[in-house]
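These notes concern the structure reproduced below.
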Amino acid sequence: CPMRLRPVLVKVDGYQKHITFDEEAGEQNIFASFDRLGKRIFSGNSKGKILVVDTESLETLTSFQVTTGSSATTGIKSIEFARKGSNFVVNSADRIIRVYDGDLVKSTEGKPQQLEPVQKLQDLVNRTQWKKCCFSGNAEFICAGSSRQHEIYIWDMAHGNLVKILHGQKGEHLLDVVWHPNRPIIASVASGVVSMWAQTHSENWSAYAPNFKELEENEEYDERESEFDIEDEDRSVEDKNEALVDDVEIDVVTCDPIKAYLDSDIEDEGDVLTFIPVTPEIEEPEDGFWAMTEEEVQILEKMRDDKKEKSTDCDSALIPLL
């Protein structure tokens, strides 16, 4: 949306169309956003009214009012949709973050009515104004950046509990915050500096191997005679239930879809580009790694013979005259 103007839908072919409200056609300070699938446009104005418009026909599907406890209206600052599910978050001027169910909004199409949010989030102590709000990649958490200073609040979506507050450098003013699509990483922009927030992981190999022992320094180890043999010659009794599978064919061609990038409403992934095949760079390939035809071998031998003949002619031309 252009600043202080009505939302404008612009297509690549040059088509432009203003999205107006039926009752407040000249209302300013309007924010608009596409839903997760791009089929609907959600727009809100400074009086707290959210209008749902069809993307293709630009027909009004439904609308509802965001009100405070005293039935007063509040301005809409931003609307963000989750990557998974149908929830979307509304950041309003009354310092309250509201989470609405998109499926419930669809059910009211053609019969506008008052909707209640499924979750309300706010800072009851400092009454913080929010600069930007967004969902996590799995839509289980909501993070919001303070407009006063470089602070990021993280809530649990299911229960609405405040999980963590991330504090940046003092004196910095937060401009934007975004969550990584499929990793627990948050990026924030403040005073021209991009900060990356992530957990510090400590390696604990004993979780994968209970018998693993971490060493502070190198120690000498006396291995058994048959410890690293393929077949244990010292084993006296064979376990019948033990399945020794030596030749296991591993499938390295089939690519499983990444669930983080799939849409929860679309079961079939469709024809998408999963990876781009490239030729591996091998410094010392084994014999017979690259299969060559007989014709290619003959061409290669002929090139080598021609190179030898040229080198012999050059050597004879450099014989000094006595």
Looking at ALA144, is it at pLDDT below 90, under 20 Å from ILE185 (Cα atoms) and either aliphatic (A, V, I, L, M) or in contact with a strand residue (DSSP E or B) (Cβ under 9 Å, 6 or more places away or on another chain) (or both)? no
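Between ARG224, ARG183, which is in contact with a helix residue (DSSP H, G or I) (Cβ under 9 Å, 6 or more places away or on another chain) and not β-branched (Val, Ile, Thr)? Spell out how you get there, then give the answer.
On the way: ARG224 fails: in contact with a helix residue (DSSP H, G or I) (Cβ under 9 Å, 6 or more places away or on another chain).
Residue meeting the stated conditions: ARG183.
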What are the residues in the stretch 83-104 that are farther than 18 Å from ASN182 by Cα and part of a loop (DSSP other than H, G, I, E, B), if any? ALA93, ASP94, ARG95, ILE96
Could you identify the single residue in ALA32, ALA72 that is of a type in the set (A, V, I, L, M, F, W, C) and either on the phi > 0 side of the Ramachandran plot or in contact with a Pro (Cβ under 6 Å, 6 or more places away or on another chain) (or both)? ALA32
Scanning the stretch 130-174 residue by residue, those in a loop (DSSP other than H, G, I, E, B), among the acidic types (Asp, Glu) and surrounded by 15 or more Cβ atoms within 10 Å (Cβ to Cβ) turn out to be GLU172
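Go over the candidates HIS201, HIS173 one by one and state the one that is more than 23 Å from the chain's Cα centre (by Cα) and farther than 23 Å from THR73 by Cβ. Please lay out each step first, then the result.
Working: HIS201 fails: more than 23 Å from the chain's Cα centre (by Cα).
None of the other options fit; the residue is HIS173.
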Out of ALA243, ALA260, report the one residue that is open to solvent by less than 100 Å² (accessible area, probe 1.4 Å), in a loop (DSSP other than H, G, I, E, B) and at pLDDT below 70. ALA243
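The values are calculated or read from the model by the stated rules, or taken from the named source; none is laboratory data. Just so you know, these numbers come straight off a predicted model, no measurement behind them. A quick note on method: Cβ atoms are made from the backbone with ideal geometry, for glycine too, and the neighbour counts reach across all protein chains shown. To get the accessible areas, we keep the full protein, side chains included, count just its heavy atoms, and leave off ligands, DNA and RNA. Shrake-Rupley method; radii C 1.70, N 1.55, O 1.52, S 1.80 Å.
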